[in-house]
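Report on one structure; see the data block that follows.
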Amino acid sequence: MRQVTVTEHLLLHQTQSPAATGQFTRLLYDLILSAKIVSRNVNNAGLLDVLGATGGINVQGEAVQKLDELANKTLIHRMERAGVLCAMASEENADIIRIPDRFAKGDYLLIFDPLDGSSNIDANINVGTIFSIFRRERPESVDVSAEDFLRPGVEQVAAGYFLYGPSTMLVYTTGQGVHGFTLDPTVGEFLLSHPDIRIPSQGKIYSVNESNWHYWDEATREVVEYFKGANNELGRPYSLRYVGSLVADFHRSLLYGGVFLYPMDYKHPDKPRGKLRLLCEASPLAFLAEQAGGLASDGTRRILDITPKTLHDRVPLFIGSPSEVSRIISIYQTHREKASHA
Ligand code: P6P
């Protein structure tokens, strides 16, 4: 395949995209540089004494891994100097991250999960960085705040992820399809390897943490039973694959088809919730899924139509091939109708 870099691809194929401006190209360049640094640290983790936890707890209530903190600091350090952002938000930070006055600012808002799946890192399992990009809407005269980030995913100008695994990949969209690039470490460039990714209309794999079975409601159990049993469109049970790193489970679903599920659970009866974050996980992956011909729902609503109330809102997530996600939506719809007539 002719070697196409990300910059070349942006110029060649994204010209009609509102994102294909000099500022955006600069944003993606600095995001890529950040990911190359994170990739180096992840790939050498066992040698750099950066495995294990820091002992801290993040805003999500999760143990912070040393590599989480390193990735977060790398992204913040690099992106605050990019000169194209007016603010950032990270899964690891409770509040927005403002750009210091000593650095130039721009029109974009960046949201990221610096190292998703990091609890798996000590076992050398794939992890990833997820990013979502909005263009600032409110005038510069208004001081940037969390409110600028509380936007439905349909307003994203770009989204994507870096996957640190057997190879380091970048998968992104600016609304002109989904394109995958593989890092060639010998030249330090991400080169086009998966042009115009399309998700299969139906798959053979479902991906869910079934240990939550006892914390699910009746509708969710019927959804999972549909994939476990033979009374489905395949005529046989789906295969179950679950890495426990969202980026890895999503990337497989994108390429092979099928569905990833993280349903609402009642582990904490006083606050039933989904585990995954809307702004830095569900929304960017939903943009990619839809651009590749797939669907993403919380079981009732299209993920891209949901407007968050806070930076760290969580949602149930059903994402993947249209056949499977549509089936899930119809099962929840049937249960809602039964409940309304009960
Ligand atoms: P569970 C990783 O911590 C993460 O946020 C996602 O990467 C992953 O999909 C999910 O949590 C796994 O959660 O409850 O199955 O361990």
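The values are calculated or read from the model by the stated rules, or taken from the named source; none is laboratory data. Just so we're clear, the structure is a prediction, and the values are computed from it rather than from any experiment. Positions of Cβ are backbone-derived with ideal geometry, glycine not excepted, and every protein chain shown enters the neighbour counts. Heads up: the accessible areas ignore ligands, DNA and RNA and are worked out on the full protein's heavy atoms, side chains in. Shrake-Rupley method; radii C 1.70, N 1.55, O 1.52, S 1.80 Å.
The H on the amide N of Ala296, modeled in the peptide plane, is under 5 Å from the matching H of Ile303, each at least 5 residues off or on a different chain. Between segment 300-342 and segment 97-129, how far is it from one alpha carbon centroid to the other, in angstrom? Segment 300-342 and segment 97-129 have Cα centres separated by 27 Å.
Heavy-atom accessible surface of Glu189, to the nearest 10 Å², is about 80 Å², with a 1.4 Å probe and all protein chains retained.
Using only alpha carbon pairs under 8 Å that are at least six residues apart, calculate the relative contact order of segment 201-319 and give it in whole percent. Don't skip to the end; give the middle numbers.
Details: 176 pairs, mean separation 33.1, N = 119.
RCO, segment 201-319: 28 percent.
Quick one: accessible area per residue over the chain, 1.4 Å probe, rounded to a whole number of Å²?
Result: 42 Å² per residue.
In order along segment 120-128, phi translates into HN-Hα couplings of 8, 5, 5, 9, 6, 9, 3, 10, x Hz, rounded to whole numbers, per the Karplus curve 6.51 cos²θ - 1.76 cosθ + 1.60 with θ = phi - 60° and x for Gly and Pro. Using the Stokes-Einstein relation with a Kirkwood hydrodynamic radius computed over Cα pairs, the translational diffusion coefficient of segment 48-110 at 10 °C and a viscosity of 1.306 mPa s comes to 126 µm²/s. Label zone of Ala339 (point 7 Å out along Cα→Cβ, amide N under 11 Å): in segment 187-228 this covers 217-220. Expressed in units of 2.2 N^0.38 Å, where N is the residue count, the Cα radius of gyration of segment 190-334 is 1.00. Computed from the mean reciprocal separation of all distinct C-alpha pairs, what Kirkwood hydrodynamic radius does the chain have, in Å? For the chain, the Kirkwood estimate is 20.5 Å.
Given a 10 angstrom Cα cut-off, can you work out which residue in Arg198, Arg252, Arg26 is the most mobile in a GNM of the chain? The residue that fluctuates most here is Arg26.
Karplus-based coupling profile of segment 300-305, in residue order and whole Hz: 10, 10, 5, 3, 5, 9, with θ = phi - 60° in 6.51 cos²θ - 1.76 cosθ + 1.60 and x standing for Gly or Pro.
The separation of segment 224-248 from segment 29-68, counted between C-alpha centres, amounts to 31 Å. Just to check, using Stokes-Einstein with a Kirkwood Rh over alpha carbon pairs, what's the diffusion coefficient of segment 6-194 at 20 °C and 1.002 mPa s in µm²/s? Here the translational diffusion coefficient equals 126 µm²/s. Here the spin labels are modelled as points 7 Å beyond Cα on the Cα-Cβ line, and at Glu140 and Arg40 they lie 3.4 nm apart.
Looking at the chain only, what percent of DSSP beta bridges run antiparallel? Nearest 5 please. Kindly include the intermediate steps, with their values, before the conclusion.
Working: 46 of 55 bridges.
Antiparallel: roughly 85 percent of the beta bridges in the chain.
Expressed as a whole percent, the accessible surface of the chain that belongs to carbon and sulfur atoms is 51, based on a 1.4 Å probe.
Once the convex hull of the C-alpha atoms of segment 194-274 is built, how many Å³ does it hold per residue, rounded to a whole number? Please report the intermediate quantities before stating the final value.
Working: hull volume 8.2 nm³, N = 81.
In segment 194-274, the Cα hull volume divided by residue count equals 102 Å³.
Placing dummy labels 7 Å off each Cα toward the beta-carbon, the span from Thr182 to Leu234 is 2.6 nm. Across the chain, the mean sequence separation of Cα contacts (distance under 8 Å, 6 or more residues apart), normalised by length, yields a relative contact order of 16 percent.
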